Amino acid sequence: MVLFDRNYQILRTNQGAARTFARLVADPTAMPARPNVFAMLFDPRLVRPFVVDWERVARILTARLHREALTRPDDTGVAALLRSLFEYPDVPESWRQPDFSIPSEPTLTLRFQRNDLKLAFLTTLTVFNAPQNVTLEELCVESYFPVDDATAEACKATR
């Protein structure tokens, strides 16, 4: 479980997520004190080298951010985050334009491989919506569910 704000800055993780991410970071010295979910996936010094089919995943996430930026035009944080992704190497210039043909799915399957470690997760996002509770509305929980027995066993082993 990862808790982040409306600009995808990680606020808190549970122990399982923290231990799993630690195994998937290419250069631990590059990890900022307050990491961003998108930066972790786009920065080649962090998790990106171990994301299987990175281009597919990154394209889906870029499309998601485009939609968010368009639905929240006064939110400069989301727009700035989207622009920052294009500063990373090998992010196609064509992704700067929104592509509405990419479906906005409620879940995303993420697969990681680092040496012999192979992990596959189904991820979901939970956004809280409570009238007159702006603080709560700015929080989002990303949950990771193992897709296969090998991933479930690897997660158990990190306890």
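Annotations for the structure displayed:
- Within segment 52-64, the set of residues being farther than 13 Å from Leu82 by Cα, open to solvent by 10 Å² or more (accessible area, probe 1.4 Å) and not acidic (Asp, Glu) comprises Val52, Trp54, Arg56.
- Qualifying residue in segment 89-98 (condition: closer than 16 Å to Phe4 by Cβ and either acidic (Asp, Glu) or surrounded by 14 or more Cβ atoms within 10 Å (Cβ to Cβ) (or both)): no
- Number of the condition not met by Arg6 [criteria: (1) open to solvent by 30 Å² or more (accessible area, probe 1.4 Å); (2) in contact (Cβ under 8 Å) with a residue 60 or more places away in the chain; (3) over 25 Å from Ala154 (Cα atoms); (4) in contact with a strand residue (DSSP E or B) (Cβ under 6 Å, 6 or more places away or on another chain)]: (4)
- Here Ala26 fulfils each of the conditions (1) surrounded by fewer than 15 Cβ atoms within 10 Å (Cβ to Cβ); (2) modelled with pLDDT of 95 or more; (3) of a type in the set (A, V, I, L, M, F, W, C) apart from (1).
- The residues listed here are Arg34, Arg64; of these, the one that is part of a loop (DSSP other than H, G, I, E, B) and of a type in the set (Lys, Arg) is Arg34.
- Scanning segment 19-37 for residues that are touching a Ser or Thr at 6+ places or on another chain (Cβ under 9 Å) and within 22 Å of Arg6 (Cβ to Cβ) turns up Phe21, Asn36.
- Answer from Asn36, Asn14 - the residue that is of a type in the set (S, T, N, Q), under 14 Å from the mean Cα position of the chain (by Cα) and closer than 20 Å to Glu138 by Cβ: Asn36
- Residue that is surrounded by 13 or more Cβ atoms within 10 Å (Cβ to Cβ) and without any contact (Cβ under 8 Å) to a residue 12 or more places away in the chain, where the choices are Phe145, Phe112, Phe121, Phe86: Phe86
The values are calculated or read from the model by the stated rules, or taken from the named source; none is laboratory data. Note that this is a predicted model, so its numbers are computed, not measured. Virtual Cβ from ideal backbone geometry, glycine too; neighbours counted across all protein chains shown. Remember, those area values only see protein heavy atoms, side chains included, never the ligands or the DNA or RNA. Shrake-Rupley method; radii C 1.70, N 1.55, O 1.52, S 1.80 Å.
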